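The values are calculated or read from the model by the stated rules, or taken from the named source; none is laboratory data. Source: prediction; values computed, not measured. Cβ: placed from backbone, ideal geometry, glycine included. Neighbour counts: every protein chain shown.
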Amino acid sequence: MSEKVKFCVTGTTCASCEVLLERELKNVKGVLQVEASHAQQCVEIDVAHGASISIDDLAQAVAGHPYTFSPWKESASHAWDLPRIGAVLLLVWVVWYVLNSFGFLTITPTVSGSGGLMAIFTIGVIASLSSCTAILAGLILAISANHAKRNTSESTHDRLRPHILFNIGRVIGFGLFGALIGLVGSLLVLTPGLNAIFVLLVALLMLGIGANLLHLVPKGAFSIRPPKWVSHKIHALQDSPHPAMPFILGALSFFLPCGFTQSVQLYALSTGEPLTSAVIMMVFALGTVPALFGVGAATSLTKGNTLKYLTQGAGVLVLVIGFSQLGNGLTLLGVGSISAPTQEQLAMAEGALVLVDGKQVIQMEVASAGFYSPEVLQVVAGIPVEWEIYGPEFMGCFDTLISRGLGISTRLKPGMNTIEFTPTKPGNYTFSCSMGMSRGTMVVVPNEN
């Protein structure tokens with residue numbers, strides 16, 4: 001026989017806290033089972049018949065973590081703080097404008113020249129200092145303690161070995177699993193229309209996660225996470241004596257619940273390119289290494305308001321990337337992809353028409369660093385165009401060129417490609433890669449002849 005008791009708990013931030021609470025509180029004498037809920041801010045405990053569990057017992061079990069328990073009562077409904085939401089959106093727009101202006105939101109198909117990876121690395125650093133990583137810290141410390149029990153006389157290097165293996169396994173594992181989700185993303189790239197819907201869906205999920213991190217929406221809303229049993233199974237491996245277990249657990253930490261990790265995983269998925277996705281996830285994991293390697297020192301230095309502001313900063317970055325993805329999806333749908341040519345563009349067009357066998361010949365290159373060169377091309381309406389495009393050996397999402405306004409959707413191969421079309425209406429037409437991340441403009445000016 002057992003009875004259920006319920007307590008309110010504050011200080012949880014995501015599903016990672018649920019797993020940590022369930023594992024720690026199960027060690028309290030008399031506790032048979034624990035079910036924690038971040039959304040409801042509570043823990044429901046199965047207590048053995050005749051046993052008594054107090055708030056002090058629970059607090060002692062999670063000492064060192066920012067959780068506070070109180071008697072159960074129904075929580076008030078979430079009130080939307082519209083002024084705060086407005087202020088956050090304004091801040092997000094400013095950060096987006098600055099980062100976009102310097103090219104920091106572009107993840108290119110190559111490792112070099114991608115300023116956007118700095119934003120991913122920054123999110124990794126902040127994630128490693130947040131409460132989301134408390135579950136990882138517990139895992140690392142348990143591995144280290146078990147290793148020390150089995151090896152009582154070791155050198156400093158031997159004592160550090162589990163930490164080193166865990167972090168190496170984490171970086172390599174994130175790279176391998178990142179490549180896998182990138183492959184899944186590439187299989188979802190079917191048609192420009194379906195791909196646009198896919199990118200928009202990813203953007204909305206990222207925006208939801210970012211709003212969760214900033215507490216702009218009710219707790220638990222937009223929650224995306226693996227089943228809890230996966231996390232518990234991973235943690236159960238910590239007692240294994242196998243020397244490779246720290247490496248394996250580091251790799252499997254890819255599947256532990258964390259809002260920061262999930263937002264970056266979604267972004268990697270949306271690239272639709274295994275190598276790019278692998279690089280994104282490895283850069284994120286590298287950002288977590290310093291704090292995870294020095295678990296005690298890092299977590300002790302980032303508490304209270306410092307941790308709160310860092311977490312909010314990462315939440316803003318997630319929203320910025322989410323809005324950037326939203327723009328990519330809208331570009332693929334053709335929203336805002338056509339505008340009238342400016343007077344400056346019209347003036348530059350005078351005398352610029354050069355015909356070869358009755359066709360306008362224009363040339364462009366997909367640069368190996370991941371952008372179009374030139375990014376702006378100009379043609380005259382009503383005259384057939386021969387568009388020569390040179391592609392490098394590896395192009396990633398640049399292997400597809402899309403412009404809904406011009407009616408173009410074609411695959412590019414390494415080497416020279418030729419696209420023929422006839423522009424009919426003057427305007428500025430956006431063209432992009434299959435993910436909408438990198439864009440160029442085809443200026444079509446009136447035919448004055």
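Computed quantities for the displayed model
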{"read-out": "Segments classed as strands (runs of 3 or more DSSP E), wholly inside the range 381-449, with at least 3 members that are out of contact with any Phe, Trp or Tyr (no Cβ under 8 Å at 6 or more places or on another chain)", "value": "385-391, 408-411, 427-432"}
{"read-out": "Filter pass, L237 being in a helix (DSSP H, G or I) and either outside the structural domain of G173 (by TED's automatic domain parsing) or without any contact (Cβ under 8 Å) to a residue 24 or more places away in the chain (or both)", "value": "yes"}
{"read-out": "Residue satisfying all of: in the range 397-426; touching a Pro at 6+ places or on another chain (Cβ under 7 Å) and surrounded by fewer than 18 Cβ atoms within 10 Å (Cβ to Cβ); farthest from E273 (Cα to Cα) among these", "value": "T422"}
{"read-out": "Which listed residue is more than 33 Å from the chain's Cα centre (by Cα) and under 22 Å from P227 (Cβ atoms), from V9, V47, V31, V19", "value": "V31"}
{"read-out": "Subset of the range 18-33 (residues that are crowded, with 20+ Cβ neighbours inside 10 Å and farther than 16 Å from P66 by Cα)", "value": "V31"}
{"read-out": "Of all residues in the range 422-449 being in contact with a Gly (Cβ under 7 Å, 6 or more places away or on another chain) and hydrophobic (A, V, I, L, M, F, W, C), the one that is nearest to A203 (Cα to Cα)", "value": "M435"}
{"read-out": "Test: residue in the range 379-396 that is among the β-branched types (V, I, T) and surrounded by fewer than 18 Cβ atoms within 10 Å (Cβ to Cβ)", "value": "yes"}
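Rundown of residues vs (1) modelled with pLDDT of 85 or more; (2) crowded, with 23+ Cβ neighbours inside 10 Å; (3) in contact with a Lys or Arg (Cβ under 8 Å, 6 or more places away or on another chain); (4) of a type in the set (A, V, I, L, M, F, W, C), yes/no style:
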position: F247; (1), (2), (3), (4): yes, no, no, yes
position: G250; (1), (2), (3), (4): yes, yes, yes, no
position: V264; (1), (2), (3), (4): yes, yes, no, yes
position: L275; (1), (2), (3), (4): yes, no, no, yes
position: M282; (1), (2), (3), (4): yes, yes, no, yes
position: P290; (1), (2), (3), (4): no, no, no, no
position: F293; (1), (2), (3), (4): no, no, no, yes
position: T299; (1), (2), (3), (4): no, no, no, no
position: T306; (1), (2), (3), (4): no, no, no, no
